[in-house]
Amino acid sequence: ASVNQSGEIIPLQGGTSLIKVTTEDGGFTAECNLTVIQLPTGIFLRKTELTLNVTDEETLLVDVEPDGVQCQLKWTIMDETIAEVDQTGKVTALKAGTTIIQVQTDDEVYSDQCELTVIQPVTKITLDKTELTLNVSETIQLLATVFPADATNKQVLWTCNDPEVVSVNNEGLIKGLK
């Protein structure tokens, strides 16, 4: 801060300073401890999109401007059934879905948000048959079951280690070739 000869204080940046007044003859002084509070001019999440698996956790980081300014933040989430967010920005995924996480200054002047997508990963896959005997030119349909039932991406990729003996299409239809 700066102070003029009329005692007018002009804050320049956040911090503390000692303001002192002295009589012209130097015999008397008085002091004032000054604390200048720097208010934020904006807050910005480092991630505006986040994807987590169910039960995963991640802490969102916030940049406050100007650099070094401290302020209280409030965290909210639109759909608390999909995830939870605590007041440190730690996000805990609960179930598959999409929601918005918002952080704002405690005076609600500045805010930013992050789109959260929670996915339920596949934990297991089974086939309706684990062993087959096929005649040449015969076709058989294999059925795959993906677990859990609410897995976000149940798409499967069918492959064969010897495509000269059998072929398999994208739906699990197997054909004996030789």
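The values are calculated or read from the model by the stated rules, or taken from the named source; none is laboratory data. Please read these numbers as outputs of a predicted model, since none were measured by experiment. Here Cβ is always computed from backbone atoms with ideal geometry, including for glycine, and neighbour counts include all displayed protein chains. Heavy atoms of the whole protein, side chains included, go into the accessibility calculation; ligands, DNA and RNA do not. Shrake-Rupley method; radii C 1.70, N 1.55, O 1.52, S 1.80 Å.
Summary table below
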read-out	value
Test: residue in the range 33-52 that is among the charged types (D, E, K, R) and in contact (Cβ under 8 Å) with a residue 40 or more places away in the chain	yes
Candidates Gly89, Gly97, filtered to the one that is open to solvent by less than 60 Å² (accessible area, probe 1.4 Å), small (Gly, Ala, Ser), at pLDDT 95 or above and more than 30 Å from Gln13 (Cβ to Cβ)	Gly97
Considering residues of the range 128-150 that are in contact (Cβ under 8 Å) with a residue 40 or more places away in the chain and aliphatic (A, V, I, L, M) only, the residue least open to solvent (accessible area, probe 1.4 Å)	Leu134
In the range 105-126, the residues that are open to solvent by 30 Å² or more (accessible area, probe 1.4 Å) and touching a Ser or Thr at 6+ places or on another chain (Cβ under 6 Å)	Thr117, Ile119, Gln120, Thr126
When residues of the range 4-58 are limited to those that are in contact with a Lys or Arg (Cβ under 9 Å, 6 or more places away or on another chain) and surrounded by 13 or more Cβ atoms within 10 Å (Cβ to Cβ), the one farthest from Tyr110 (Cα to Cα)	Val54
Residues being open to solvent by 70 Å² or more (accessible area, probe 1.4 Å) and without any contact (Cβ under 8 Å) to a residue 40 or more places away in the chain - total across the range 151-174	10
